[in-house]
Amino acid sequence: MYGKDWLGEFTSEFDEDYYTDVSEKEEFPEKFWQSLGERSKFGLLVSKKNGGSGISFTEFVKNILDMSSKVGTLTYYFVAQNLSAKLFDDYGTQKLKSFLPEVMTGKSKVNLALAEEQSGADALSIRTRATPAENGDYEISGEKYCVTNGKNADYLMVAARTSDSGEKKSHGLTVFVITRKQPDRIKFKELKKMGLNFLPLYSISFDRIIIDRESILGEPDRAWSMLSKTFAADRLALSAMFIGMGNMALSRALDYARKRVVFGREIGANQGIQFPLSKAYVELSASRAYLEHSARMVDGGGIESNRDLPMGVYYHAVRASSSAIDASLQTLGASGYLSGMVEKLFRDIRYYRMGPISEQLALVSIAEKTLGLPGVRE
Amino acid sequence: MLDTIISYINQGTGKFDTHYWVEKDKKAEFPGEFLEVIRNLGLTTLLLPEEYGGSGLSVSDYVKIVRHTSSLHGVAAGDLIMAHNVFGAFSISSLGSEKQKEKLLPRIARNEVISSIAITEPNAGTDTLNISTRADRSNGEFILSGRKIWITMAHISDLMLVLAKTTKEKTRSTKGMTLFAINPKEHSGITTSRIDDIALRSLGSCEVFFDNVTISEDDILGEEGEGWRALTGILNLERLSTASISLGTGELVLNSATQYAKDRTLFGKQLGANQSIQFPLAHGKIMLEASWRMIEEAARKRDAGEDGMFEANAAAYLSASSACALADHSMQVFGGMAFSVDMGIELHWRNLRLFRVGPVPEQMTLSLIARHSLGLPPSF
């Protein structure tokens with residue numbers, strides 16, 4: 001609480017008011033982004049030999065917990081850019097690795113374009129295609145849906161189908177890194193939504209874009225295994241953010257419950273108010289313990305054989321956070337319903353119960369893979 | 001070492017099947033055969049320091065064994081391990097005088113003692129400061145009078161920790177209460193009466209009457225007037241134990257229900273292929289995982305000598321509520337079969353329900369956390 005924050009400073013101008021302000025104005029949090037970039041805070045997971053900080057995943061998660069309890073969902077940008085940088089570090093060609101300095105300092109923004117309107121959660125059914133040309137280049141056409149920050153991205157990691165003949169359905173996907181140098185062949189359409197107002201969402205169409213082989217991230221046709229590993233890290237990182245968001249709302253509600261007097265006593269003296277807050281704190285604390293255990297497993301290499309662990313953590317954290325934010329809103333009453341921090345967190349967290357992984361798919365995964373129950377899908 | 005103990009538990013206790021526990025529960029009969037086996041495996045002296053002939057296990061390892069044994073045999077088995085280790089081995093070795101240690105620890109090491117703790121009273125359930133059992137000084141001795149309730153295994157206990165008021169002042173302070181360690185079999189004036197209840201029927205829960213029982217100054221455990229402080233460490237370990245018993249038994253019902261959901265076919269497909277059946281099981285699994293990490297954190301803090309009050313209470317609360325929800329869903333998965341006592345499902349459903357009420361009701365835990373961890377004003 002009283003130590004240095006994620007910027008390495010004792011106090012920071014980036015707090016709940018900043019989060020509320022940029023969300024209200026529907027702005028990209030430019031100053032926040034720059035502050036992180038100036039300190040190379042987007043290269044935390046990049047290896048030292050490639051100029052990054054090379055911190056452990058456990059340490060990364062601590063940064064997220066701290067940051068998200070102050071700026072809430074803005075932490076998404078920090079998570080996404082760090083994980084993108086790590087992908088370039090782990091899987092990038094010489095060409096892609098040469099982008100690392102600009103990525104780690106935030107001079108260039110990277111985003112992933114995977115989902116498509118018809119594919120939804122079934123990522124393997126995407127239709128965007130890349131066909132090889134005679135000179136070894138690829139030509140990509142297709143449409144992507146719900147791409148976060150799409151138009152602001154300098155590099156888009158686009159997943160496309162490159163073959164159908166693989167023996168497994170998960171074979172045949174390749175990720176290409178597209179720069180925005182072909183503007184007339186890329187079209188963006190902004191999508192309006194109910195929350196996450198600091199984070200624009202786009203549908204994007206690609207019309208015969210030419211990409212060289214040096215821009216392939218990872219092994220051609222084998223992108224799924226690379227992406228699955230990143231998704232595991234992404235789920236844990238986002239879980240940390242949910243816990244921070246829950247704690248952020250909860251501390252506002254606690255403060256209010258201690259001071260606000262109705263019927264001659266503090267509202268926090270009522271069990272109807274205090275028990276849901278206690279319960280929220282207990283559940284957020286359990287989420288954190290569960291998350292930290294999983295982060296240690298990532299660092300120890302044990303996560304490979306426990307791919308369902310991040311699913312469980314994600315499910316637990318998003319629910320604990322949602323309940324904490326909801327109980328906080330109830331505590332604040334009408335004052336929480338007015339435009340402000342808590343109602344924004346309330347609308348933001350709702351998204352994460354559906355994506356990047358829905359609660360239902362998380363449960364299916366635990367039911368089928370961990371408990372060995374029969375599947376209902378094909 | 002832990003792996004070795006666990007494999008011994010698997011080998012040594014395999015013969016105590018569902019039928020055994022169901023029969024013991026039906027007849028309200030003590031599981032003496034099981035106790036004999038776990039005594040020989042050393043499970044009753046896990047927290048007894050090595051110098052006294054125990055295993056001297058860390059709390060972090062102890063909770064793993066409680067969890068594992070409960071996941072095979074349920075609440076009664078876990079409770080037996082807790083009573084021996086927490087109210088016997090731990091309490092005497094950490095709080096006992098040299099004289100008490102000399103007298104009791106060899107007997108505990110030789111497994112001659114069944115331990116119990118007597119705090120709760122008919123008029124002072126959770127409100128411990130309001131107890132009316134008294135121990136008054138008289139000619140260098142104490143005269144103990146009063147009545148306790150819900151004392152597990154009191155009727156067969158050789159070592160009972162009894163909390164009594166030792167001050168004459170009418171006070172609600174934590175001072176003035178003293179903890180005594182007595183052997184009820186060595187005193188006249190102590191009678192027990194079994195309560196016909198719905199949980200832990202094989203172990204038995206009792207009312208205990210103390211009618212002018214003469215006890216000695218040497219029976220004080222810890223310091224006179226400091227019973228509350230003495231209890232803190234014991235009750236914290238009790239929370240961690242009940243958390244691990246709940247968790248282990250939660251795993252037991254999860255495993256049974258999952259297996260049944262795979263084996264049972266309805267409308268031409270496996271019962272477990274229905275999301276309405278599998279989602280609550282998957283949800284329960286996740287809740288148990290998170291609860292276990294909380295237990296581990298509380299145990300780590302305790303081993304490190306840090307204050308883990310919040311963690312232990314949170315762990316007990318979460319484990320009990322998660323395991324109860326799973327047991328309830330298991331009743332749903334087994335359908336009509338769950339209502340057959342011989343299936344052994346309702347046994348766990350009944351037993352697990354206990355931990356949402358005792359040793360501390362959920363409401364008290366939430367209230368404690370609200371006040372002490374979140375700084376909210378008192379609600380009563």
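The numbers here are math on the coordinates, done by the rules we state, and not lab data. Note that this is a predicted model, so its numbers are computed, not measured. Because the Cβ atoms are built from the backbone with ideal geometry, glycine has one as well, and the counts that use them run over all protein chains shown.
General remarks:
- Normalising the average separation of contacting C-alpha pairs (under 8 angstrom, six or more residues apart) by the number of residues puts the relative contact order of chain B at 17 percent.
- Partner lysines for B:Lys168 [C-alpha distance under 30 Å; skip if fewer than 8 residues away on the same chain]: B:Lys99, B:Lys101, B:Lys148, B:Lys185
- At the listed q of 0.13, 0.16, 0.21 Å⁻¹, the Debye profile of region B:228-372, built from one uniform point per Cα, gives log10 I(q)/I(0) equal to -0.60, -0.81, -1.18.
- At q = 0.08, 0.10, 0.11, 0.12 Å⁻¹, base-10 log of I(q)/I(0) for chain B (Debye sum, equal scatterers on each alpha carbon): -0.41, -0.64, -0.77, -0.91
- For chain A: rounded, prolate or oblate by the Cα gyration tensor [a/c cutoff 1.5]: prolate
- Sites listed here are trypsin sites (Lys or Arg not before Pro) in region A:1-74 whose DSSP assignment is loop and whose Cβ has at most 14 other Cβ atoms within 10 Å: A:Lys4.
- Highest-MSF residue in chain B out of B:Met337, B:Met153, B:Met287 [GNM, Cα springs under 10 Å]: B:Met337
- Cβ-Cβ distance of A:Phe188 and A:Leu361, R₀ of 30 Å, FRET efficiency by 1/(1 + (r/R0)^6): the value works out to about 0.60.
- Here's the list of lysines a cross-link from A:Lys193 could span, going by alpha-carbon distance under 25 Å and ignoring same-chain residues fewer than 8 apart: A:Lys25, A:Lys31, A:Lys70, A:Lys109, A:Lys144, A:Lys151, A:Lys344.
- Near B:Phe210, once Lys and Arg are set to +1 and Asp and Glu to -1 for all other residues with Cβ below 10 Å from its Cβ, the sum equals +2.
- Simple spin-label estimate for B:Arg147 and B:His19 in nanometres, 7 Å along Cα-Cβ: 4.3 nm
- Sequence-distant contacts, meaning Cα pairs under 8 Å at least 6 residues apart, place the relative contact order of region A:230-378 at 31 percent.
- In chain A, the longest principal axis of the Cα atoms and the axis of helix A:271-300 are about 30 degrees apart.
- Label positions at B:Asn139 and A:Lys48, each projected 7 Å from the Cα along the C-beta direction, are separated by 7.8 nm.
- A:Lys151/A:Glu9 FRET efficiency (R0 35 Å; Cβ-Cβ; nearest 0.05): 0.65
- For A:Glu30, A:Glu219, the sequence from fewest to most other C-beta atoms within 10 Å is A:Glu30, A:Glu219.
- For region B:106-265, the gyration tensor built on C-alpha atoms gives a prolate shape. Its axis ratio a/c (a ≥ b ≥ c) is at least 1.5, and a/b is the larger of a/b and b/c.
- Based on DSSP H segments of at least four residues, each scored -39500 (n - 2.57), chain B has a per-residue ellipticity at 222 nm of -15500 deg cm²/dmol.
- The Cα trace of region A:6-102 gives Rg and Dmax of 14.0, 42 Å, the first to one decimal, the second as a whole number.
- Net charge of neighbours whose Cβ lies under 14 Å from the Cβ of A:Leu291, counting Lys and Arg as +1 and Asp and Glu as -1: -3
- With the biggest extent put first, the Cα atoms of region A:63-129 measure 38, 34, 18 Å across the principal axes.
- Sequence-separation-based contact order of chain A, relative, with Cα cut under 8 Å and 6+ spacing, percent: 17 percent
- GNM result for chain B, Cα springs below 10 Å: residue of B:Ala89, B:Ala261, B:Ala315 fluctuating most strongly: B:Ala261
- Of A:Leu87, A:Leu363, A:Leu332, the one that fluctuates the most in a GNM where chain A has Cα springs shorter than 10 Å: A:Leu363
- Shape category assigned to region A:110-221 from the gyration tensor of Cα positions, a/c cut at 1.5: oblate
- Estimated purely from DSSP H runs of n ≥ 4, each contributing -39500 (n - 2.57), the mean residue ellipticity at 222 nm for chain A is -15000 deg cm²/dmol once divided by its residues.
- Look at A:Ser339, A:Ser12, A:Ser205 and count the other Cβ atoms within 10 Å of each Cβ; fewest to most, that gives A:Ser339, A:Ser205, A:Ser12.
- Residue order, fewest to most surrounding Cβ atoms within 10 angstrom, among B:Trp21, A:Trp33: A:Trp33, B:Trp21
- Computed over the alpha carbons of the protein assembly as shown, Rg followed by Dmax gives 29.8, 107 Å.
- Stretching the chain fully between B:Asn183 and B:Asp197 yields a gain of 2.5 nm (0.36 nm per residue, less the alpha carbon separation).
- In terms of Cα atoms, the Rg and Dmax of region A:221-376 work out to 18.0, 68 Å.
- Kyte-Doolittle mean at least -0.5 and Cα axial length at least 27 Å: DSSP H helices in chain B: B:227-263, B:309-334
- Angle in degrees between helix A:57-71 and the longest Cα principal axis of chain A, rounded to the nearest 10: 50 degrees
- Net charge of neighbours whose Cβ lies under 10 Å from the Cβ of A:Ile273, counting Lys and Arg as +1 and Asp and Glu as -1: 0
- Simple spin-label estimate for A:Ser56 and B:Leu266 in nanometres, 7 Å along Cα-Cβ: 4.7 nm
- Distance from region A:1-70 to region A:106-168 (C-alpha centre basis), Å: 28 Å
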